[in-house]
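Remarks on the structure that follows.
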Amino acid sequence: MTSESHPVAGLAGFAGLAAEQKSQDVTDWAARLGWVVGLLLVIALVYWLMREGWKWRGTLQGDLPELPQTPSDPGEPRLTMSGRYHGSTTAGQWLDRIVAHGLGTRSRVELTLTDQGVSVVRPGARDFFIPAAELRGARLDKGIAGKVLAEGGLLVITWQLGEKLIDSGFRSDHAAEHPAWVDALTTSDSDQNHPSNQTEGAER
């Protein structure tokens, strides 16, 4: 009797283990699904907080005047550049991002320097114009508004918008073009009797 019952007991035990393993697999999938859902909720919350922070910053900067637009006849180009616009900050404060009027939106950019100023054309974002009288110089730098590049990899143009002094960061598709822009904008700045700004950014 004992020897005949062993196979039956063995089969019953095997079935029990299989059922337990199946139950464990279901439980594991449920736990994994819970983790995925939780992670997605955290990501959504972080995104929402970032978006609200962006809106709040834009509200605080609502006193900035509207961006100047390129005149109908800006004059003959002295320099042109294709590359990327990496953002704008309060001058000398590379983390104090300015988002009002679309200045916080990174984009492709086409820069054109004429005797009247700098035309900033941004496909998919808001264009603007920096009048020659508002230029305060230019420099080579390595970072702005959360974007860090190699030393000297960023062209930073300093200009005046209303009462606020602004640094705007650009990177040419051909970084070798940057020094010519620094020279030209520094010369323009000197012609306007403003102190030049060729030094590196504020100490970080």
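Things to note:
- Separation of the ARG126 and VAL42 label points, Cα + 7 Å toward Cβ, nm: 3.5 nm
- Here segment 158-182 is scanned for amide nitrogen atoms under 20 Å from the site 7 Å beyond the Cα of LEU79 along Cα-to-Cβ, giving 158-161, 166-182.
- Taking all protein chains together, TRP29, TRP94 sort by accessible area into TRP29, TRP94, largest first [probe 1.4 Å].
- Cα-projected label distance for ALA133 with HIS174, points at 7 Å along beta-carbon direction, nm: 3.4 nm
- A straight chain from ASP183 to ALA31 at 0.36 nm per residue would run longer than the Cα-Cα distance by 48.6 nm.
- Residues whose placed amide H lies under 5 Å from that of LEU165, excluding near-sequence neighbours: ALA91
- Counting Lys and Arg as +1 and Asp and Glu as -1 over every other residue whose Cβ lies under 12 Å from the Cβ of PRO77, the net charge comes to -2.
- Formal net charge of residues neighbouring PHE129 (Cβ-Cβ distance under 12 Å; K, R +1; D, E -1): -1
- Here the extension length gained between ARG108 and SER72 equals 10.7 nm, from 0.36 nm per residue of separation less the Cα-Cα distance.
- Loop trypsin sites (Lys or Arg not before Pro), segment 78-110 (other Cβ atoms within 10 Å of the site Cβ: 14 or fewer; DSSP): ARG78
- Entry note: segment 97-194 has Rg to Rh equal to 0.93, where both radii use alpha-carbon atoms and Rh is the Kirkwood radius.
- Sparsely packed GluC sites (Glu not before Pro) within segment 75-177, loop by DSSP, other Cβ within 10 Å at most 12: GLU151, GLU163
- Other residues within the sphere of radius under 10 Å centred on the Cβ of LEU64, judged by their own Cβ, net out at -2 (K and R +1, D and E -1).
- Taking amide H as placed 1.01 Å from N in the peptide plane, the amide H of ASP96 sits under 5 Å from that of THR90, each at least 5 places away or on another chain.
The values are calculated or read from the model by the stated rules, or taken from the named source; none is laboratory data. For clarity, every value in this text was computed on a predicted model and none was experimentally measured. Neighbour counts run over all protein chains shown; Cβ positions are idealised from the backbone, glycine included. For accessibility, only protein heavy atoms count, side chains too; no ligands or nucleic acids. Shrake-Rupley method; radii C 1.70, N 1.55, O 1.52, S 1.80 Å.
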